[in-house]
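The values are calculated or read from the model by the stated rules, or taken from the named source; none is laboratory data. None of these values were measured; they are calculated from a predicted model. No Cβ is skipped: glycine too gets one built from the backbone with ideal geometry, and neighbour counts run over all protein chains shown.
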Amino acid sequence: MTDFKTPCGLIGRKLGHSISPEIHAALGNPQYSLYELEPDELPVFLADERLKALNVTIPYKIDVIPLCASLDPLAEAIGSVNTLVRQEDGSWKGYNTDAYGLRCMMRAGCHLTAQMFWCWETAACPRRYRRLRGLTDAGH
């Protein structure tokens, strides 16, 4: 079982490549840890109420949805969660910030394709890309 380190962090399966702790430290949050989890660890790990906020990466962006008591409307529309925030009642609320990031990149003139969304690594990638692209085109 993965041991608790800090109340905030990143969950995923393989995180050796991540520089998230360094980014968070540079932004003033040195209490940010990497949590490498196996699929069967996810429900028990997320039940630890010492955890307060987590970023979510592959392969768990879809797997965390049933573990959330509520979803932000954008996360629900996209069908993917990349941020978990512990609510006052101890439950998790899921958010997705990918649409915001995509919209910023598009406004900056970046041309994006479905192949650029390799991070979702699911058979549903083209469907999620179309949802995300539609939402950003609509101004979400």
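Among (1) surrounded by 12 or more Cβ atoms within 10 Å (Cβ to Cβ); (2) touching a Phe, Trp or Tyr at 6+ places or on another chain (Cβ under 8 Å); (3) at pLDDT below 95, where does Met1 come up short?
Status for Met1: all satisfied but (1).
How about the stretch 16-116: which helices (runs of 4 or more DSSP H) wholly inside it have at least 1 residues that are within 14 Å of the chain's Cα centre (by Cα) and under 21 Å from Phe4 (Cα atoms)? So that I can check it myself, show each step before the final result.
Numbers: elements: 20-26, 42-46, 73-78, 98-107.
Output list reads 20-26, 42-46.
Does Ile78 meet the test of being assigned by TED's automatic domain parsing to the domain that holds Pro21, over 18 Å from Gly12 (Cα atoms) and of a type in the set (Val, Ile, Thr)?
yes
Going residue by residue through the stretch 22-44, is there one that turns out to be within 22 Å of Arg103 (Cα to Cα) and either modelled with pLDDT of 95 or more or of a type outside the set (Ser, Thr, Tyr) (or both)?
Taking every residue of the stretch 22-44 in turn, at least one turns out to be within 22 Å of Arg103 (Cα to Cα) and either modelled with pLDDT of 95 or more or of a type outside the set (Ser, Thr, Tyr) (or both).
List, please: which pairs have Cβ atoms under 7 Å, are six or more places apart or on different chains, and start with a residue in the stretch 53-70 that is assigned by TED's automatic domain parsing to the domain that holds Gly90 and free of Cβ contacts under 8 Å to residues at least 40 places away in the same chain and end with one that is hydroxyl-bearing (Ser, Thr, Tyr) and part of a loop (DSSP other than H, G, I, E, B)?
Close Cβ pairs (under 7 Å, with a partner that is hydroxyl-bearing (Ser, Thr, Tyr) and part of a loop (DSSP other than H, G, I, E, B)) amount to Ala69/Ser91.
Can you pull out every residue in the stretch 66-104 that is crowded, with 16+ Cβ neighbours inside 10 Å and among the small types (Gly, Ala, Ser)?
Ala75, Ala77, Gly79, Ser80, Gly94, Ala99, listed by residue number.
Restrict the check to the stretch 115-127 and report whether at least one residue is over 18 Å from Leu10 (Cβ atoms), surrounded by fewer than 12 Cβ atoms within 10 Å (Cβ to Cβ) and either at pLDDT 60 or above or not assigned by TED's automatic domain parsing to the domain that holds Arg13 (or both).
Yes: the stretch 115-127 contains one or more residues that are over 18 Å from Leu10 (Cβ atoms), surrounded by fewer than 12 Cβ atoms within 10 Å (Cβ to Cβ) and either at pLDDT 60 or above or not assigned by TED's automatic domain parsing to the domain that holds Arg13 (or both).
Keeping to the stretch 77-92, report how many residues are among the charged types (D, E, K, R) and closer than 10 Å to Val64 by Cα.
Summing the residues that are among the charged types (D, E, K, R) and closer than 10 Å to Val64 by Cα in the stretch 77-92 gives 0.
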